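The values are calculated or read from the model by the stated rules, or taken from the named source; none is laboratory data. Remember, it's a predicted structure, so these values are computed and weren't measured experimentally. So basically every Cβ, Gly included, is an ideal-geometry build from the backbone, and we count neighbours across all protein chains shown.
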């Protein structure tokens, strides 16, 4: 069943019998794109891990109101690994792809990185675009929880935000000796963070910071990958390591 996004107050999650109203964009999607009819059942997700069955109740202007029939907690979001992707912001729409695929691959948190060799820093309005892309990816892939999207961070701040997690770092083949300052060890941890650098690569200082924090190099294959490709491959590899 196709999903629609329902913005809710986390402190007041709707219950069966409640009336809820979709925002203008989602209302337009239901009305104009799918020709929604009154009384038909729809699936709503709130980005908090909840899934709702709801029926169209009324249309007022450009907004659609629905009645909640049932609420289901999505256990898939609660039982899997908690993955954080800390990825250098790259130019153009390349980072848009990172944002979209991070949602599809089940990331719980996305940390945009501003690095020494980054091509471009985040600009005005970019966060709103990323949030829109995340909601669209959420609906498309069948997830019910939106990843947490942090403000852009430098590497020390991102490492501090991931303290206590199992840390991994992706690098080009010729960077791996520089990054090989830590070795995997200890019991497996549910919370895992992947650090992906910019197209220009990690600096020696950044590599030392990652190694000092205990980040383990993650083998992404014998070839040099673009940042967005490395992020996708790396997240998939971490899910496989978690047995998910």
remark   = Taking segment 173-188 and the residues there that are modelled with pLDDT of 75 or more and surrounded by fewer than 17 Cβ atoms within 10 Å (Cβ to Cβ), the one that is farthest from residue 77 (Cα to Cα) would be 174
message = Just to be sure I understand the filter: pairs with C-beta atoms under 9 Å, separated by 6 or more residues or on different chains, first member in segment 155-183 and within 16 Å of residue 194 (Cβ to Cβ), second member at pLDDT below 75 and crowded, with 16+ Cβ neighbours inside 10 Å. Which pairs pass?
response = 167/182; 169/179; 169/182; 170/179; 171/178; 171/179
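Suppose we filter 155, 97, 138 for residues that are surrounded by 19 or more Cβ atoms within 10 Å (Cβ to Cβ), in contact with a helix residue (DSSP H, G or I) (Cβ under 6 Å, 6 or more places away or on another chain) and closer than 30 Å to residue 4 by Cβ; which single one remains? Outline the logic, then answer.
Details: 155 fails: closer than 30 Å to residue 4 by Cβ; 97 fails: surrounded by 19 or more Cβ atoms within 10 Å (Cβ to Cβ).
Answer to the check: 138.
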key: Failed item, numbered, when residue 15 is tested on (1) over 30 Å from residue 192 (Cβ atoms); (2) at pLDDT below 95   = (2)
note = From the option list 68, 99, single residue qualifying as farther than 27 Å from residue 155 by Cβ and either at pLDDT 95 or above or not assigned by TED's automatic domain parsing to the domain that holds residue 232 (or both) is 68
query = Does segment 63-83 hold any residues that are surrounded by 15 or more Cβ atoms within 10 Å (Cβ to Cβ) and assigned to a strand (DSSP E or B), and which are they?
reply = 63, 64, 65, 66, 67, 68, 71, 82, 83
message = Taking the conditions exactly as written (outside any helix (DSSP H, G or I), closer than 19 Å to residue 168 by Cβ and touching a residue at least 40 places away in the same chain (Cβ under 8 Å)), does residue 86 satisfy them or not?
response = yes
